[in-house]
Amino acid sequence: MAASPLPRHLFYVGDPLTLELRSLLDTRGWTVKSLELDREPGNFSSKPSGGLLDFSARNVLANLRLAETWLSVKTVGWLALLSPAQLEDSTIRRLVRDFCFDYVTLPASGERILNALGHAYGIAALHDAGSRDAVDAKNDSNAEGDMIGSCDAMLALFRAIRKVAMTDAPVFISGESGTGKELTAVAIHARSVRRNEPFVAINCGAIPAHLLQSELFGYERGAFTGANQRKIGRVEAANGGTLFLDEIGDLPLESQASLLRFLQERKIERLGGHESTPVDVRIVSATHVDMQTAMVEGRFRSDLYHRLCVLQIEEPPLRARGKDIELLARHMLDRFEKDASRRLRGFAPDAIAAIHNYGWPGNVRELINRVRRAIVMAEGRLIGANDLELGEFAECVPMSLAQAREVGERQAIEMALLRNRGRVGDAARELGVSRVTLYRILSAYNMRDAETPSGLGLD
Ligand SMILES: Nc1ncnc2c1ncn2[C@@H]1O[C@H](COP(=O)(O)OP(=O)(O)OP(=O)(O)O)[C@@H](O)[C@H]1O
């Protein structure tokens, strides 16, 4: 006996269904709900379902604006029914092109309609599963706040966040630009005992050097021309909570001295003031700068660095996150899809290939920007590699064995250097070669400057 088909919901808009179509729908497991186009969808079912919209019905033609609001319900896979003449109507053409998975011109057999409908439903269900993957990764007990990640490197990061959140020691977060250092700082604060107190962030690289002192420590009225009233600095504003010092590597030496003094005494003195005020903050700092080099070159005080870097967290670059890159791209598409003038179905296979082939120097921030731009610029309903401006990364270029070996070696070396913060000796040990051999390969592949990940000084 044939298994009965799984029940599927169908939303139908149009004239009453013919008996033939209704009985075919019944046999294929569709439960039909007729919609009147006289109300907005509101909070519509979140389950994937099929949709059949008959443009030849009079009530549809009279209500095309409302039809559009129904067609844009994301969880419904819409199939349009229309007469050949209606394909000449630009409004209907636009609605079908931008919102429907397929169309069938009338007259058509029930079989033909049901096959197309099954396909539209299948695509809507796939789209839903894609969103769920991203949501699952977010709801996963391994996720942290707004951070998405399920690869080993991210799971290790989430574990580190939980561990450091349980102490009050200063945390130093290193990682390339746009990898999520600020999100990590927020997650540490949110899991710490200080979570109900302020989280105050200051970007040490974005504030002009001459204003930094007053930004950090505040000033008294009359401290300088224009100081008409007392201003509380960011350190004081964070009292009781967490102070996040972003781009700490860019902190001028003068402010480094003041910060060190504050860390030693735990008191601040506002500019132009004469008394010191005790302040209790936890310091989390971050940078994409190679601090070892900054210290060797005298740009950063080592005594301050050692006070800031009691616990260290390394943010993995996006290119080391494997499948997470795709997951993040899909999550960003769901998040920003409302910016699109029409409904998008997801990423085309060439876009997925390019997402994996590209090196992502700007990390998650770059991924977000590329997806947002593609959402606005894409002309089809699938975002392609060209929409992401990654057309050249879409193709799988045929490779010789020697080329494949080089690609593999480059990747293994880059990852080993990253894990060992650029220490060639340690990376060589991990890779099972001598230090001299690793130097030779680095030179041969021209990786000593250009291709060594930023922020990693070679020892
Ligand atoms: N794992 C993640 N999941 C979701 N969004 C992320 C993740 N990591 C980073 N982002 C997003 O990427 C953007 C950059 O993150 P963030 O500002 O934390 O990076 P950063 O390392 O502090 O950058 P910079 O070095 O430029 O200060 C933000 O919009 C952030 O929300």
**Prompt:** Looking only at region 316-369, which residues are more than 14 Å from the chain's Cα centre (by Cα) and within 23 Å of Ala286 (Cα to Cα)?
**Reply:** Ala320, Gly359, Pro361
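Take the residues in region 189-204 that are more than 10 Å from Pro252 (Cβ to Cβ) and over 23 Å from the mean Cα position of the chain (by Cα), then tell me which one is surrounded by the most Cβ atoms within 10 Å (Cβ to Cβ). If you could, list the steps in order and put the result at the bottom.
Quick first cut of region 189-204, residues more than 10 Å from Pro252 (Cβ to Cβ) only: 189-203.
Retained after the next criterion (residues that are over 23 Å from the mean Cα position of the chain (by Cα)): 192-198.
Details: Ser192: 22, Val193: 11, Arg194: 20, Arg195: 13, Asn196: 8, Glu197: 17, Pro198: 15.
The residue in question is Ser192.
Would you say Val279 is open to solvent by less than 10 Å² (accessible area, probe 1.4 Å) and either among the β-branched types (Val, Ile, Thr) or under 23 Å from the mean Cα position of the chain (by Cα) (or both)? Give the steps one after another, and end with the answer.
Numbers: open to solvent by less than 10 Å² (accessible area, probe 1.4 Å): yes; either among the β-branched types (Val, Ile, Thr) or under 23 Å from the mean Cα position of the chain (by Cα) (or both): yes.
The answer is yes for Val279.
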**Fill in**
Checked region 149-187 for anything more than 14 Å from the ligand (Cβ to nearest atom) and crowded, with 18+ Cβ neighbours inside 10 Å; matches are Val164, Ala165, Pro170
**Prompt:** Scanning region 282-294 for residues that are buried (at least 21 other Cβ atoms within 10 Å of the Cβ) and of a type in the set (Val, Ile, Thr), which turns out nearest to the ligand (Cβ to nearest atom)?
**Reply:** Thr287
**Message:** Looking at region 233-257, I want the residues that are on the phi > 0 side of the Ramachandran plot and have a partner that is within 16 Å of the ligand (Cβ to nearest atom) with Cβ atoms under 7 Å, at least 6 apart or on another chain. Which pairs are those?
**Reply:** Glu247/Asn203; Glu247/Cys204; Glu247/Gly205; Glu247/Thr287
**Message:** Looking at (1) more than 16 Å from the ligand (Cβ to nearest atom); (2) assigned to a strand (DSSP E or B), which one does Leu263 not meet, given that it meets all the others?
**Reply:** (2)
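Would region 369-376 turn up any residue that is within 16 Å of the ligand (Cβ to nearest atom), open to solvent by 40 Å² or more (accessible area, probe 1.4 Å) and of a type outside the set (S, T, N, Q)?
From region 369-376, those within 16 Å of the ligand (Cβ to nearest atom) are 369-373, 375; that's our starting set.
After this cut, where a residue has to be open to solvent by 40 Å² or more (accessible area, probe 1.4 Å) as well, the list is 369, 372-373.
Among the residues that remain, those that are also of a type outside the set (S, T, N, Q) are: 372-373.
Yes.
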**Request:** Identify all residues within region 202-256 that are farther than 18 Å from Val171 by Cβ, in contact with an Asp or Glu (Cβ under 8 Å, 6 or more places away or on another chain) and within 16 Å of the ligand (Cβ to nearest atom); write none if there are none.
**Result:** Gly205, Ala206, Ile207
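This table checks each residue for (1) within 13 Å of the ligand (Cβ to nearest atom); (2) surrounded by fewer than 18 Cβ atoms within 10 Å (Cβ to Cβ); (3) not in a helix (DSSP H, G or I).
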| site | (1), (2), (3) |
| --- | --- |
| Tyr305 | no, no, no |
| Phe336 | yes, yes, no |
| Arg342 | no, yes, yes |
| Ala354 | no, no, no |
| Gly359 | no, yes, yes |
**Request:** Go through region 71-92 residue by residue and tally those that are surrounded by fewer than 19 Cβ atoms within 10 Å (Cβ to Cβ) and either touching a residue at least 60 places away in the same chain (Cβ under 8 Å) or part of a strand (DSSP E or B) (or both).
**Result:** 2
**Asked** Taking Arg373 and the conditions (1) touching an Asp or Glu at 6+ places or on another chain (Cβ under 9 Å); (2) part of a loop (DSSP other than H, G, I, E, B), which numbered condition does it fall short on, given that it satisfies the others?
**Response** (2)
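The values are calculated or read from the model by the stated rules, or taken from the named source; none is laboratory data. Remember, predicted model here, so these are calculated numbers, not experimental data. Reconstructed Cβ throughout: ideal geometry from the backbone, glycine too, with neighbour counts over all protein chains shown. Areas reflect the complete protein model, heavy atoms only, side chains present, ligands, DNA and RNA absent. Shrake-Rupley method; radii C 1.70, N 1.55, O 1.52, S 1.80 Å.
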